[in-house]
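S.K.: One structure coming up, written as structure tokens, with questions to follow.
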Amino acid sequence: MGALHASLAHWTVTREVGTVVMPTGTGKTETMLALFARERLEKLLVVVPTSALRDQIARKFLTMGVLPDFGIVDRDVQLPVVGRMEHRFDTPEEARHFQESCNVVVATMSVIGGCTNEVKDALATGCSHLFIDEAHHVPAKTWSAFKERAREHGKPILQFTATPYRRDGKHIGGKSIFTYPLRKAQQEGYFAPIKFISIWEYNRDLADEAVARRAIGALRSDRESGLDHLLMARTERIHRAEEVHEVYARLAPDLHPLIVHNRMGAREQTAAIEALMSRRSRVIVCVNMLGEGFDLPQLKIAAIHDVHKSMAVTIQFVGRFARVAGGLGDATVVANAADADVEEAIDDLYVKDADWNDVLQRLSEGETSRQRRRSELMRGFQTSPGPVPLQNIRPKMSTVAYRTQCEDWRPHKLDDYLKDTPLLVEPTVNPSERVLFYITREEQGVAWGETRAVSDLVHDLYLAYWDEERALLFINSTNNDSLHRKLAEVLVGEDARRIQGERIYKSFHDINRLTLSNLGLSHLHSQATQFTMHVGSDIREGLSPASVENRRKANIFSRGFETGESVTIGASHKGRVWSYKVAEGFSDWMEWCGRVGDKLLDPSASTEEILEHAIIPKIIEERPSLVPTHVQWPFYFLKRSEEAIWVEVAGHTAPFYESEIRITTFKEEGPLRFEVVVEEASAEYEVVLGEEEVQYIPVGQEKARLRTTRREQPLGEWFQEEPPHIWFEDTSKLDYNEIYQPKGEREPYDRTSIEAWSWEGVQIRKESQYKKKTDPRRLELRSDSVQRHVIDRMQGDYGADYDIIFDDDGKGEIADVVGLKATGEQLLVHFLHLKYSKSESAGVRVDDFYEVCGQAQRSVYWRGAVQRLFSRMKLREQKRQENYGVSRFERGDLQKLDELSRRAKQLVPRFRIFVVQPGLEKESVNTRVLDLLGATEVYLKETFGVPLTVISS
């Protein structure tokens, strides 16, 4: 511990908020004692989250703990007077009297938080130093408010934590003055090695017993080796604890398993813990208990029945089992890795054969390093922002950009500029990053009337960033009444020039399938109408030759696709650029500004064709003379959980992902129809377009119903609120009564790019490899089918050497066959869409392609939802197994799928979509087919940048 204490030697001189990061169980409390002894602190206030931790720390201060073993104080040292604050004080005088009687006061924040503001001030001023243990709680409102009180009174503050990172992204603040890495703690013997036993059980009904058996086995093995070990089984909810307790009671009655949770009475909880302490019980099942402040090193076996989802909680939890004490062995963690739905940061912990010692070291050090960098960015601000913590500021992605010619910016000039402006937060500058912010505080008249009796208090954030490399000043403010020219001149000089006019629309550069949502036009001559706003289909009218004459674009907002991601972007003629996205912090906003700046400065970026090629909706009253290729459920459906929506047809009910919606009439004219299919039942609907509304009218007797936990409606009524999307051969989209039609010429698919396969021995009119037998619970394999032939080629010498080949054929499919492979830093994802031939021999029939091209276009959605792709595959495998006992995996298994799912978050996804039609003869392919394939190819590339491969005879 000597290196640690030396590093803190000058802490009281700096009087900054300092943060010490040490793994759980490696001596945070001892470090507090050492500082107290060495620095001779006068009136120490220690704040902790729980009463158990309060009592533990108070006991150690009373005896100065184990400090003699470290040679920090002599054994005959005069011990401090330690007070425990168990109840709130009613008056400031009571608080002051208590503190004056003690050298150390240990309190929980829940008790301090219940005090009046006057008592809180007395506590903050009455201490000479403030220590905060388990400082990851600091971003909570009560904690941060009291910490600010102490800081405002000039009290040195030291924070201790094992996890300086939180799942919600909030920063604990403070200068990182010492970090004791987990790796070093293990090397120096303060943190025991961890053995991870992974269970792979996909049936949740069997998983608890599988975890319990392995954990009990580990405990018995340790006991046979003479180790005094105990087992804790962790669950998320009380009802789960009760289920798990029954499993342990049945499997190991001799170990007398107990249960403990916060709904039990205090006497029951105490009795259970005492039984564990006395070894009358060796197993305890708990619900988020025995955590902070609970000190029992003999807890060495952790059975995780419900996995912690965040890294911070996982490391805190595991740290309690890895504590070192005489006569004890190493820690063992048992968990069901097959059901580990965790955040991205800790995915690697649940990969098969994961070494938790290495992974925890790497994750902990990496996240601590990121938090340190974030601290440095925030600490780079020269002054404190006062009542608004830096980490709580979330600026919107919005900016005005000024060209600059200065050699350096001048933030010091702000004092004169703002001298008459009421401020909540004074200008706060980070000179190394060249970014500053301040917050104004102004009373304004109410919008609903002219009166001096009442007013609104408005606080506006101003954020400025000078990008020296690009010679641009970016200004963001919640005050949109100004473009902040005077502020720019103050910061970078009077020669600052705002980027505006036509040039500002360069921000739309390189966005594919740009779809305009809003268009504002300024009228240059009309005094009666100076501005018009056009929304949705009205945009087309706003862009008609008559409308555009003597007008200019005032503002545009649009959606589209950029670098394979869905984006929003807006720009105004005066110079503002914005997005719907909200930044997580200053650095996110600065990076976004850099990307916008690159476009604004790009001489090759043109604005002339932005509106010319933009997709603008048009209201239609008749179906278009185009062949429909596919229909999609409302996009809102795809954002819900897999089993949030259920579909019912003719008494058959299935979750959303096991049903299907598909076009039934592939014709240019006549009724526009689709059907909803559940199991063997289907309900057909006709889309009837009218002047002001669209009707979805059932064809025949069968009708479909949709239901969630909140409502149930006939499909036709539901679609009045959330309409389906119908796509056509030119990739136009019909959304209710508005059609979105792409502009420009589309190149036909390159005939030479078509791959011709041999289909010898294949019945090209048979598509699927499985056919239902007379017994509805059995499937018959058709070895001469199109799908079987494709899978055989994938397993042989064609394309990638796949890690997974997945038969996804059926209602609600992603594709007929899915191939996955992790290679280098990439994840290859191949979707193969197959279609049987309508004739025994190959030829050229465009009807053979409408549906399969629609399936290809629909499946590109998964490029933007890679993790949902893995979840959907898992669900469909489980459903197939339950129904037929036949796996969808042709190569790989669920365990391999989970492994790829976790690795995928660190890999760059590379999608490729295949259209396979053995009924096409390559040499005879005609223009109609090539045009349809070309439209599909362009759509895949313009949305998510996915290439298309066509396979024929």
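The values are calculated or read from the model by the stated rules, or taken from the named source; none is laboratory data. Everything numeric in this text was worked out from a predicted model, so none of it was measured. In this analysis, Cβ positions are derived from the backbone assuming ideal geometry, glycine residues included, and neighbour counts consider all displayed protein chains.
S.K.: Could you list all residues from the range 564-578 that are of a type in the set (Ser, Thr, Tyr) and in contact with a Gly (Cβ under 7 Å, 6 or more places away or on another chain)?
M.R.: Ser566
S.K.: Scan the range 716-732 for residues that are crowded, with 19+ Cβ neighbours inside 10 Å and closer than 18 Å to Glu621 by Cα and jot them down.
M.R.: Hits for the range 716-732 are Phe719, Pro724, Ile726, Trp727, Phe728, Ser732.
S.K.: Looking at the structure I just gave you, is Pro655 closer than 20 Å to Ala856 by Cα, surrounded by 16 or more Cβ atoms within 10 Å (Cβ to Cβ) and either modelled with pLDDT under 90 or in contact with a Phe, Trp or Tyr (Cβ under 7 Å, 6 or more places away or on another chain) (or both)?
M.R.: No: the conditions fail for Pro655.
S.K.: Consider Gly796 carefully, then state whether it is in contact with a strand residue (DSSP E or B) (Cβ under 9 Å, 6 or more places away or on another chain) and surrounded by fewer than 18 Cβ atoms within 10 Å (Cβ to Cβ).
M.R.: No; evaluated as a whole, the condition is false for this residue.
S.K.: Let me ask something additional. Just checking, how many residues over the range 706-715 are touching a residue at least 24 places away in the same chain (Cβ under 8 Å), surrounded by fewer than 16 Cβ atoms within 10 Å (Cβ to Cβ) and either of a type outside the set (S, T, N, Q) or within 24 Å of Leu626 (Cβ to Cβ) (or both)?
M.R.: Counting residues in the range 706-715 that are touching a residue at least 24 places away in the same chain (Cβ under 8 Å), surrounded by fewer than 16 Cβ atoms within 10 Å (Cβ to Cβ) and either of a type outside the set (S, T, N, Q) or within 24 Å of Leu626 (Cβ to Cβ) (or both) gives 1.
S.K.: So, Thr665, is that one assigned by TED's automatic domain parsing to the domain that holds Arg640, under 37 Å from the mean Cα position of the chain (by Cα) and either assigned to a loop (DSSP other than H, G, I, E, B) or over 15 Å from His725 (Cα atoms) (or both) or not?
M.R.: So Thr665 fails the test.
S.K.: Still on this structure: Can you name the residue in the range 778-800 that is among the acidic types (Asp, Glu) and modelled with pLDDT of 90 or more and is also nearest to Asp893 (Cα to Cα) among such residues?
M.R.: Checking each candidate, the answer is Asp792.
S.K.: In the range 378-403, which residue that is at pLDDT 65 or above and aliphatic (A, V, I, L, M) is farthest from Gly594 (Cα to Cα)?
M.R.: Val388
S.K.: Exactly one condition in (1) in a strand (DSSP E or B); (2) at pLDDT 90 or above; (3) surrounded by fewer than 17 Cβ atoms within 10 Å (Cβ to Cβ) is not met by Glu426; state its number.
M.R.: (2) is the only condition that Glu426 fails.
S.K.: Quick one: Arg220 ticks every box in (1) in a helix (DSSP H, G or I); (2) farther than 17 Å from Phe321 by Cα; (3) free of Cβ contacts under 8 Å to residues at least 12 places away in the same chain bar one, so which box is it?
M.R.: (2)
S.K.: So, one more: Of all residues in the range 455-478, how many are among the aliphatic types (A, V, I, L, M) and farther than 24 Å from Asp420 by Cβ?
M.R.: Here the count works out to 2.
S.K.: Which one of the conditions (1) under 18 Å from Phe831 (Cβ atoms); (2) in contact with a Leu (Cβ under 6 Å, 6 or more places away or on another chain) does Tyr770 fail to meet, given that it meets all the rest?
M.R.: It fails just one condition, (1).
S.K.: May I ask you to list the residues in the range 476-504 that are of a type in the set (S, T, N, Q) and surrounded by fewer than 19 Cβ atoms within 10 Å (Cβ to Cβ)?
M.R.: Correct list: Thr478, Asn479, Asn480, Ser482, Gln500.
S.K.: Of these, Tyr438, Tyr417, which one is among the aromatic types (Phe, Trp, Tyr), closer than 18 Å to Met590 by Cα and either touching a strand residue (DSSP E or B) at 6+ places or on another chain (Cβ under 6 Å) or in the same structural domain as Glu468 (by TED's automatic domain parsing) (or both)?
M.R.: After ruling out the rest, the residue left standing is Tyr438.
S.K.: Here's another thing I want to ask about it. Looking at this structure, is Ser604 assigned to a loop (DSSP other than H, G, I, E, B) and either under 29 Å from Arg746 (Cβ atoms) or modelled with pLDDT under 90 (or both)?
M.R.: Considered against the rule, which asks whether it is assigned to a loop (DSSP other than H, G, I, E, B) and either under 29 Å from Arg746 (Cβ atoms) or modelled with pLDDT under 90 (or both), Ser604 comes out as yes.
S.K.: Given Val699, Val687, which one is among the aliphatic types (A, V, I, L, M), at pLDDT 90 or above, over 24 Å from Cys853 (Cβ atoms) and in the same structural domain as Glu717 (by TED's automatic domain parsing)?
M.R.: From the options Val699, Val687, the qualifying one is Val699.
S.K.: Residue by residue through the range 852-861, note down the ones that are in contact with a His (Cβ under 7 Å, 6 or more places away or on another chain) and within 13 Å of Phe666 (Cα to Cα).
M.R.: Correct list: Val852, Gly854.
S.K.: For the range 647-699, what are the residues that are of a type in the set (Gly, Ala, Ser) and over 30 Å from Lys879 (Cα atoms)?
M.R.: Answer for the range 647-699, where residues must be of a type in the set (Gly, Ala, Ser) and over 30 Å from Lys879 (Cα atoms): Gly670, Gly690.
S.K.: Does the range 647-662 hold any residues that are in contact with a Leu (Cβ under 7 Å, 6 or more places away or on another chain) and either closer than 17 Å to Gly716 by Cα or part of a strand (DSSP E or B) (or both), and which are they?
M.R.: Correct list: Val647 only.
S.K.: Is there a residue being within 32 Å of the chain's Cα centre (by Cα), at pLDDT below 90 and closer than 30 Å to Cys593 by Cβ anywhere in the range 479-498?
M.R.: So far as the range 479-498 goes, yes, one or more of its residues are within 32 Å of the chain's Cα centre (by Cα), at pLDDT below 90 and closer than 30 Å to Cys593 by Cβ.
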